[in-house]
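Below is one structure, written out as structure tokens, with a few remarks after it.
The values are calculated or read from the model by the stated rules, or taken from the named source; none is laboratory data. A quick note: this is a predicted structure, and the numbers were derived from the prediction, not measured. Positions of Cβ are generated from backbone atoms using ideal geometry, with glycine treated the same way; all protein chains shown enter the neighbour counts. What goes into the accessible areas is simple: the full protein's heavy atoms, side chains included, and nothing from ligands, DNA or RNA. Shrake-Rupley method; radii C 1.70, N 1.55, O 1.52, S 1.80 Å.
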Amino acid sequence: MADRIAAASAFVFDMDGTLVLGDAASGGHQSLPGAAALLSELRVRGTPFRVFTNGTAKPPEVYASSLRHAGLDVADHEMMTPSTAAAAWFVAKGIKRVRVLGLAGVQAPLIEAGLDVIGPSEKAEGVEAVYTGWFREFTFPDLEAAYKDVWAGAMLTTASNVPFFATAGGRAIGASYAINAMIRAMTGKRAKVLGKPSREALRSALTLMKLPVSAEASTVIVGDDPALEMRMARSAGAIGVAVTTGLCSRDDFMARGSPERADAILPGLQPILEALN
């Protein structure tokens with residue numbers, strides 16, 4: 001495994017619970033041990049990487065700034081959110097008119113991609129897709145607008161459909177998970193995930209790193225959630241490296257079935273750094 005890590009074409013890192021933990025006191029992040037040194041080593045080696053958070057509370061460049069403040073060398077373009085991947089997917093599918101249940105953090109990458117973004121409860125016709133993300137401001141009129149679009153034929157898509165994510169204070173609720181459950185209860189439609197663990201998300205990361213799809217097998221995906229990073233790795237034949245610094249313990253990872261099984265389970269990032277040296 002150390003040899004495979006050393007020969008990797010690229011790395012995709014989760015953010016919360018893997019490189020950093022959210023710091024409620026400062027409104028930013030605390031870097032986890034080994035994170036700064038590992039990213040610096042990849043920079044020296046010329047190995048491309050992306051930090052891929054499944055959160056959409058903020059635009060990618062804001063997350064990148066917070067990581068730099070926590071001491072991590074992450075450029076704006078090296079930061080991804082599900083909206084980064086979703087924007088690329090909508091463009092590839094020819095979908096232009098999207099109702100977004102979320103504010104600036106969810107909307108920004110879609111607007112930058114030239115999509116016609118409809119606000120959460122804005123009146124509109126011809127909506128082709130509904131896209132849900134981080135949206136604690138969600139209201140009943142937003143639910144009405146979304147389920148009417150879905151009833152009219154719009155595709156239901158989402159940034160994330162996992163219930164929790166890791167913070168320094170423990171588990172926090174994923175807003176889009178709750179919103180998706182409400183829309184599904186009204187329409188019977190299950191949201192298509194465009195963030196992690198979808199293969200579309202990984203392929204977007206590789207494209208942004210200017211790597212071919214064939215690089216999937218030599219890409220290392222590092223994360224703390226078997227249902228996200230490890231499932232994404234397994235679906236693509238990538239190298240899945242689990243760390244126990246976030247949501248899950250070693251026993252949690254060991255208990256997972258084949259679709260979410262890690263190639264390696266580590267107590268933190270230091271062993272990865274050692275494999276590269």
Point to revise | Cα-only Debye scattering, the stretch 95-144: base-10 log of I(q)/I(0) at q = 0.25, 0.32 Å⁻¹ | key: -0.93, -1.37
**Study point:** Kirkwood Rh (inverse of mean 1/r, distinct Cα pairs), the stretch 20-65, angstrom
**Key:** 12.2
Practice item. Let me know the shape class of the stretch 154-219, please: from the alpha-carbon gyration tensor, a ≥ b ≥ c as square roots of the eigenvalues, rounded when a/c is under 1.5, otherwise prolate if a/b is greater than b/c, or oblate. Key: oblate
Review point. Shape of the stretch 1-160 from its Cα gyration tensor (a ≥ b ≥ c, root eigenvalues): rounded if a/c is under 1.5, otherwise prolate when a/b > b/c, or oblate?
Key: prolate
Revision key, fill the gap. Of every hundred units of 1.4 Å-probe accessible area on the stretch 158-277, the number belonging to carbon and sulfur atoms, as a percent, is 54
Review point. Counting other Cβ atoms within 10 Å of each Cβ, which GluC sites (Glu not before Pro) in the stretch 181-236 have at most 11 and sit in a DSSP loop?
Key: none
**Study point:** Debye intensity ratio in log₁₀ form over the Cα atoms of the chain, taken at each q of 0.12, 0.15 Å⁻¹
**Key:** -0.70, -1.07
Review point. Restricting to the stretch 161-259, what percent of DSSP beta bridges are antiparallel, rounded to 5?
Key: 50
Practice item. Find the lysine pairs in the chain meeting two conditions, Cα atoms under 26 Å apart and a separation of 8 or more places or different chains, and report how many there are. Key: 25
